[in-house]
Protein chains: 2
Amino acid sequence: MSESNTDGPELTAAQQAARDERHQDRMQRKKAVVDAAIARADKVRGIVVVLTGNGKGKSSSAFGMVARALGHGQRVGVVQFIKGAFSTGEEAFFRKLEGVSYHVMGEGFTWETQDRERDVAAAMAAFDVARGLMSDPAIHMVVLDELNIALKYGYIPLQAVIDAANARPAHQNLIITGRGAPAELIELADTVTEMGDVKHAFRAGIKAQNGIEL
Amino acid sequence: MSESNTDGPELTAAQQAARDERHQDRMQRKKAVVDAAIARADKVRGIVVVLTGNGKGKSSSAFGMVARALGHGQRVGVVQFIKGAFSTGEEAFFRKLEGVSYHVMGEGFTWETQDRERDVAAAMAAFDVARGLMSDPAIHMVVLDELNIALKYGYIPLQAVIDAANARPAHQNLIITGRGAPAELIELADTVTEMGDVKHAFRAGIKAQNGIEL
């Protein structure tokens, strides 16, 4: 902690005044840096966001951005590529909202079906829906949830995803989630977060629960 | 990509059959591992989730979990500790929903106010609201958004946060976001994600935009 005093010893009035002045100086310099960076960032276009890594938070982050987009009155399309035992509250939540076009791939997790041909057919059907959303200028944001898993298993050709991303309307934001994002997608993306798994309650024997995983 | 064939050469029928059988074997083994892990995770209690690191996705992930919780009919409390120029769509979105108690700290970013005493007073007022939510058994989930920033500047004593977290109702989930989470919070937490900043559109000169950052 850089300047924590609340847990430390009492300061004299003079020490407090000096500390507050240092704080003001530092914050003035920081404000100048932040303001300059904001002024430099003047390009306006839709971006590609890739959320990958093994840590918790990839899909939930995408759904938080859906909430933000809806807060601005935007229209959003969501395609969930892996659906199964881990069915989630966000489906119940977003399905009933205005402005969201929500699609869940018909099959379960790949280790539930154990049938490659059926998985490929379901993944490609979901991707056809995704392509429709990605070519619709009325849709401001498209979320392809767990697409990286379908790419990893080779259920969907990577090049088809890249082509659809490059051909989408200029203002459309595209969010792709799932561990193991291919290097070509990371290259294509504007913003990429690698979610590092520092700790997970599941490994400590705590059941997946409503609101967190479900 | 472990078994991508869709971009590769054509396979004979025999090769396809062999591939599909290998796929089925691997998925059967994976299912056994996953099912055993799910059976082992039998503890049911609220958890502490810490979302930290420099990458994009900390607050949006927390708000995605709020959406999940609401999808299950839970009641949620949100306190945003840092509010400023980067005002967000989630506020507009969640404020009008049933089941959410939403509070935004009155002051802007710390580099906007440049006044330490005012920042401390605002942070402590926000933390008092948070403590109220964290002691209310009717609230299933509490989000303390950007709390780590307030801890970093020493605006709120870390021990007070730890005490409130330990005293909360057993079923309540607590989500804390912000870069630079202190080691003691990571120790206390059940699930911790470190969001790694691989790439950010802002650094490429692209303006922060509705639905993504705003």
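Would you please name the residue that is modelled with the highest pLDDT, looking only at residues in the range A:75-92 that are polar (S, T, N, Q) and surrounded by 21 or more Cβ atoms within 10 Å (Cβ to Cβ)?
Here the answer is A:80.
Identify all residues within the range B:191-214 that are at pLDDT 85 or above, open to solvent by less than 40 Å² (accessible area, probe 1.4 Å) and among the polar types (S, T, N, Q); write none if there are none.
Answer for the range B:191-214, where residues must be at pLDDT 85 or above, open to solvent by less than 40 Å² (accessible area, probe 1.4 Å) and among the polar types (S, T, N, Q): B:191, B:193.
Go through the range B:111-120 and give me each residue that's touching a helix residue (DSSP H, G or I) at 6+ places or on another chain (Cβ under 8 Å), open to solvent by 20 Å² or more (accessible area, probe 1.4 Å) and part of a helix (DSSP H, G or I).
B:111, B:112, B:113, B:117
Would you pick out the residues in the range A:169-185 that are under 19 Å from residue A:134 (Cβ atoms) and open to solvent by 10 Å² or more (accessible area, probe 1.4 Å)?
Listed by number, the residues that qualify are A:169, A:170, A:171, A:181, A:182, A:184.
Going through the range B:31-70 one residue at a time, which ones are surrounded by 24 or more Cβ atoms within 10 Å (Cβ to Cβ), among the aliphatic types (A, V, I, L, M) and closer than 16 Å to residue A:199 by Cα?
Within the range B:31-70, B:49, B:50, B:51 qualify.
Out of A:150, A:167, A:183, A:189, which single residue is out of contact with any Asp or Glu (no Cβ under 9 Å at 6 or more places or on another chain) and in contact (Cβ under 8 Å) with a residue 40 or more places away in the chain?
A:189
If we keep just the residues of the range A:1-20 that are of a type in the set (Asp, Glu) and not in a helix (DSSP H, G or I), which is modelled with the lowest pLDDT?
Result: A:3.
Only one of A:158, A:147, A:185 is within 10 Å of chain B (Cβ to nearest Cβ) and either under 29 Å from residue B:26 (Cβ atoms) or modelled with pLDDT under 90 (or both); which?
A:158
Can you go through A:128, A:115, A:190 and tell me which one is over 16 Å from the mean Cα position of the chain (by Cα) and more than 23 Å from residue B:38 (Cα to Cα)?
A:128
Can you pull out every residue in the range A:161-175 that is closer than 10 Å to residue A:188 by Cβ and more than 12 Å from chain B (Cβ to nearest Cβ)?
A:165, A:166
Of the residues B:39, B:62, B:123, B:69, only one is at pLDDT below 85, outside any loop (DSSP other than H, G, I, E, B) and either under 21 Å from the mean Cα position of the chain (by Cα) or more than 9 Å from chain A (Cβ to nearest Cβ) (or both); which?
B:39
The values are calculated or read from the model by the stated rules, or taken from the named source; none is laboratory data. Not measured: the values here are computed from a predicted model. Neighbour counts run over all protein chains shown; Cβ positions are idealised from the backbone, glycine included. When the accessible area is computed, the model is the full protein with side chains, heavy atoms only, and any ligands, DNA or RNA have been set aside. Shrake-Rupley method; radii C 1.70, N 1.55, O 1.52, S 1.80 Å.
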